[in-house]
Amino acid sequence: MYAYWGKILRVNLTDGTIKEEHFDEKFAKKWLGTRGFGIYYLLKEMDPTVDPFSPDNKMIFATGPLTGTTAPTGGRYMVITKSPLTGYIAMANSGGFFGAELKFAGWDAIIVEGASDHPVYIYINDESVEIRDASHLWGKTSSETEAALKEEIGDKRIRAALIGPAGENLVRFAAVMNDEHRAAGRGGVGAVMGSKKLKAIVVRGHKRVEVADRAKFTSVVKEKTDKLRNDPTAGGGLPKYGTAVLVNIINQNGLYPTRNFQYSQFEYAEEQSGEAMAAKYLVRNKPCYACPIGCGRVNRLPTLGITEGPEYESIWALGAHNGINDLASIIEANHLADEYGMDTISLGGTLATAMELYEKGLLKQEDLGEDAPPFRWGNTEVLHYYIEKIAKREGFGDKLAEGGYRLAEMYNGVEYFMGVKKQELPAYDPRGAEGHGLGYATNNRGGCHIKQYMISPEILGYPYKMDPHDISDEKVKMVILFQDLTALIDAAGLCVFTTFGLGADDYRDMLNAALGWDLSTEEYLKIGERIWNAERLFNLKAGLDPLKEDTLPKRLLEEPVKNGPNKGHVVRLHLMLPKYYKFRGWTEDGKIPEEKLKELGLDEL
Ligand code: SF4
């Protein structure tokens with residue numbers, strides 16, 4: 001087999017056993033990598049109803065066949081587990097360099113099972129694998145942990161996937177961090193790592209990934225890299241302004257959720273845009289492994305010095321979502337969230353929920369404590385104060401650490417939680433892009449934009465421009481195509497930002513050249529469809545009630561937009577959802593029928 005090692009590492013933290021397992025080409029052709037491998041093992045080996053924090057929950061750290069190759073953005077890995085935030089599948093992916101290093105060490109994936117009774121880290125140096133004590137690292141932030149590991153191991157070139165204090169303290173939206181500022185952020189995967197007392201996985205590899213036809217692969221990679229470089233977004237806007245290039249675009253289009261989605265345009269958007277950040281703070285951009293796009297930002301702040309980020313989503317979540325305008329405070333807050341190790345989208349969403357609960361009088365100052373900053377829209381003090389409290393689960397931070405849904409439930413204001421399946425929504429108001437709304441509602445991991453980025457066709461015009469308020473069959477089919485395509489791109493080990501410039505045929509070309517296979521685009525998309533359905537199957541087995549939970553917050557379905565170009569619109573989900581189920585080949589109540597399971601080869605799971 002090319003582009004794979006065919007090797008999976010299994011580490012049991014309860015009894016300390018370490019095993020090497022193998023897979024063959026038939027398995028690879030069925031599941032491809034990352035999300036595919038992860039969902040296979042979870043469905044095969046785990047009861048989907050387990051408590052996410054129990055030792056019976058498994059965590060899979062998986063690469064794809066293109067991870068560690070020279071394919072553009074080929075550095076991704078994914079963490080797959082049962083989410084403590086949603087109770088359903090979590091698959092959080094990250095760039096940086098950890099994924100590629102894991103591949104260089106000769107492993108395609110790691111299955112972590114059980115739980116240790118004291119803090120540990122896993123140290124992988126090619127074939128050599130050890131479980132080491134991490135008691136001295138417990139409590140350290142992301143950068144402190146990484147520095148301490150480099151010092152202790154005596155090798156500056158190690159890469160680590162690790163948790164900060166938020167993960168240790170089981171904050172339900174804690175992230176797994178790597179390369180200090182890269183995060184497998186969503187769904188609380190860092191908290192599952194914390195529940196296993198696993199502080200870090202450290203890797204050092206010395207191998208090279210072999211592809212089927214080196215000359216052909218190099219020429220295909222060059223062609224696709226050129227395509228990305230020549231694209232105005234992948235080769236222009238993203239390298240120049242980072243993902244924050246979207247702030248002005250999305251705000252001008254009237255989709256920039258403001259004050260917990262009460263408004264859809266922010267009066268101060270320009271001051272927190274990618275353009276403003278580049279003018280004031282940018283030192284340089286920073287690409288992940290093998291990435292020609294380089295959307296990562298390295299910024300310098302007088303108060304803080306050098307830091308990385310924030311991304312578009314983080315600027316919004318910690319900014320407009322909470323009515324906050326001060327870009328320097330947002331950058332500092334993002335830095336803190338990285339150091340403590342938490343997902344900035346859910347963090348910002350949880351704070352915004354608290355803001356509205358406070359505004360509506362459901363949450364009172366006495367609930368917060370006399371000296372705690374009040375949740376008033378635009379109060380920057382809230383950011384720094386509560387991020388630390390959340391990470392340490394101190395005072396009111398303990399309640400915020402439960403995430404926006406559970407917080408809103410505690411204060412009788414569930415309608416003010418802006419999320420899907422208990423996960424906070426990202427930075428696009430779907431009343432201005434209704435296909436994106438259908439994507440949110442049907443996403444296997446809850447409120448998430450990235451697994452079906454319908455903003456591409458509806459706003460940015462990739463692969464072609466679609467009317468954001470069209471809800472025709474074509475739109476619904478596009479949502480499904482984007483979901484399956486994203487599953488394929490993730491499973492391959494690439495970054496979804498390559499969709500600015502590349503289409504489904506381009507991924508087929510790279511995969512076939514690397515793997516020596518001759519699969520058609522349709523066959524690759526079928527793998528994406530299989531992964532999507534397998535994740536759905538996991539959710540159904542975990543107790544998902546589709547007709548109740550494939551939905552959006554009431555506000556987005558019933559309250560028309562108050563300002564901007566989408567004024568008067570809501571999401572007409574009730575007209576799209578039945579079509580979505582039908583085109584997916586599911587039942588009218590959102591279940592997967594036996595014949596569909598058979599068609600996708602999921603009937604044994
Ligand atoms: S586009 Fe950005 S996030 Fe994606 S791999 Fe490149 S630098 Fe990383």
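The values are calculated or read from the model by the stated rules, or taken from the named source; none is laboratory data. Quick caveat: nothing in here was measured; it's all calculated off a predicted structure. Positions of Cβ are generated from backbone atoms using ideal geometry, with glycine treated the same way; all protein chains shown enter the neighbour counts. Side chains included, ligands, DNA and RNA excluded: accessible areas come from the protein's heavy atoms. Shrake-Rupley method; radii C 1.70, N 1.55, O 1.52, S 1.80 Å.
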Qualifying helices (runs of 4 or more DSSP H) (wholly inside region 283-383; at least 1 residues being outside the structural domain of P84 (by the TED database) and over 26 Å from the mean Cα position of the chain (by Cα))
344-359, 365-368
Residues of region 47-100 satisfying the condition of being of a type in the set (S, T, N, Q), away from the ligand (no atom under 16 Å from the Cβ) and in contact with a helix residue (DSSP H, G or I) (Cβ under 7 Å, 6 or more places away or on another chain)
T49, N57, T81, S83, T86
Of all residues in region 92-144 being open to solvent by 10 Å² or more (accessible area, probe 1.4 Å) and aliphatic (A, V, I, L, M), which is nearest to the chain's Cα centre (by Cα)?
A115
Within region 182-206, how many residues are in contact with a His (Cβ under 8 Å, 6 or more places away or on another chain) and closer than 26 Å to T69 by Cβ?
0
Extreme residue, farthest from the ligand (Cβ to nearest atom), among residues of region 282-315 that are among the aliphatic types (A, V, I, L, M), open to solvent by less than 60 Å² (accessible area, probe 1.4 Å) and over 17 Å from T498 (Cα atoms):
L301
What do you reckon, is T258 within 16 Å of the ligand (Cβ to nearest atom), not assigned by the TED database to the domain that holds H118 and not small (G, A, S)?
no
Across (1) assigned to a loop (DSSP other than H, G, I, E, B); (2) modelled with pLDDT of 95 or more, K389 clears everything bar (1)
Listed residues T551, T499; which is open to solvent by 10 Å² or more (accessible area, probe 1.4 Å) and under 25 Å from F97 (Cα atoms)?
T499
In the list A320, A279, which residue meets the criterion of being more than 16 Å from the ligand (Cβ to nearest atom) and touching a residue at least 60 places away in the same chain (Cβ under 8 Å)?
A320
State all residues of region 77-91 that are surrounded by 24 or more Cβ atoms within 10 Å (Cβ to Cβ) and more than 24 Å from I18 (Cα to Cα); if no residue qualifies, say none.
S83, P84, L85, T86, Y88, I89, A90
